[in-house]
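Asker: Take a look at the following structure, please.
The values are calculated or read from the model by the stated rules, or taken from the named source; none is laboratory data. Values in this document were obtained by computation on a predicted structure and should not be read as measured data. Positions of Cβ are backbone-derived with ideal geometry, glycine not excepted, and every protein chain shown enters the neighbour counts. Side chains are part of the model used for accessible areas, which takes the heavy atoms of the whole protein and leaves out ligands, DNA and RNA. Shrake-Rupley method; radii C 1.70, N 1.55, O 1.52, S 1.80 Å.
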Amino acid sequence: GTYIASGSDDNIIQVWEASSGEFLRTYDGHSTEMTTLMWSPDGTRIASGSGRDPVHVWEASSGRLLRTYGGRFSWITTLMWSPDGTRIASASYHNIVEIWEASSGRLLYTYGGHYSCVETLMWSPDGTMIVSGSRDSTVQIWQAV
């Protein structure tokens with residue numbers, strides 16, 4: 001609750017002090033517009049996705065790029081950290097949900113069952129299930145790997 005991060009069509013992430021609105025830093029590394037970003041549960045990292053890039057993970061305090069996940073699919077629509085911060089779920093216009101190991105960037109699992117763009121994700125509070133919502137008008141529940 002201390003900082004706010006924003007991503008935009010200019011391909012960068014900016015971090016602001018929440019109470020004062022003071023600009024703190026810029027993270028630059030995406031080649032196309034930002035579509036989603038999310039703070040890690042412990043507030044030390046930010047994951048971001050964009051139109052044509054894979055998921056990027058940044059060190060929140062410095063803006064240093066820590067890891068890039070994937071690259072097989074583009075147009076990341078949304079992403080979500082697992083409650084314990086060990087995994088990241090990403091969704092795309094390619095109708096899939098991918099689960100990544102946060103520490104290594106290793107792809108753990110790909111869920112495919114939607115027939116249209118996956119636009120929303122949510123982990124269960126205990127981290128055992130993932131819910132995805134799609135433009136195909138379905139909500140699917142997945143056992144988390």
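Asker: Is at least one residue of the stretch 45-66 part of a loop (DSSP other than H, G, I, E, B) and aliphatic (A, V, I, L, M)? First the steps, then the outcome.
Answerer: Initial filter on the stretch 45-66 (part of a loop (DSSP other than H, G, I, E, B)): 51-54, 60-64.
Right, trim to aliphatic (A, V, I, L, M) and you get 60.
Yes; the residues of the stretch 45-66 include at least one that is part of a loop (DSSP other than H, G, I, E, B) and aliphatic (A, V, I, L, M).
Asker: Kindly establish whether Ile141 is open to solvent by less than 10 Å² (accessible area, probe 1.4 Å) and either part of a strand (DSSP E or B) or not aliphatic (A, V, I, L, M) (or both). Please lay out each step first, then the result.
Answerer: Details: open to solvent by less than 10 Å² (accessible area, probe 1.4 Å): no; either part of a strand (DSSP E or B) or not aliphatic (A, V, I, L, M) (or both): yes.
Criteria not met by Ile141.
Asker: Considering (1) free of Cβ contacts under 8 Å to residues at least 40 places away in the same chain; (2) open to solvent by less than 30 Å² (accessible area, probe 1.4 Å); (3) of a type in the set (A, V, I, L, M), say which one Val15 fails and leave the rest.
Answerer: (1)
Asker: Is there any pair with a first residue in the stretch 38-51 that is free of Cβ contacts under 8 Å to residues at least 60 places away in the same chain and of a type in the set (Lys, Arg) and a second that is open to solvent by less than 50 Å² (accessible area, probe 1.4 Å) and not in a strand (DSSP E or B) whose Cβ atoms are under 6 Å apart and which are 6 or more apart or on different chains, and what are they?
Answerer: Arg45/Ala60
Asker: Pick from Ser92, Ser116, Ser104, Ser82: which is open to solvent by 10 Å² or more (accessible area, probe 1.4 Å), under 20 Å from Ala144 (Cβ atoms) and among the hydroxyl-bearing types (Ser, Thr, Tyr)?
Answerer: Among Ser92, Ser116, Ser104, Ser82, only Ser104 is open to solvent by 10 Å² or more (accessible area, probe 1.4 Å), under 20 Å from Ala144 (Cβ atoms) and among the hydroxyl-bearing types (Ser, Thr, Tyr).
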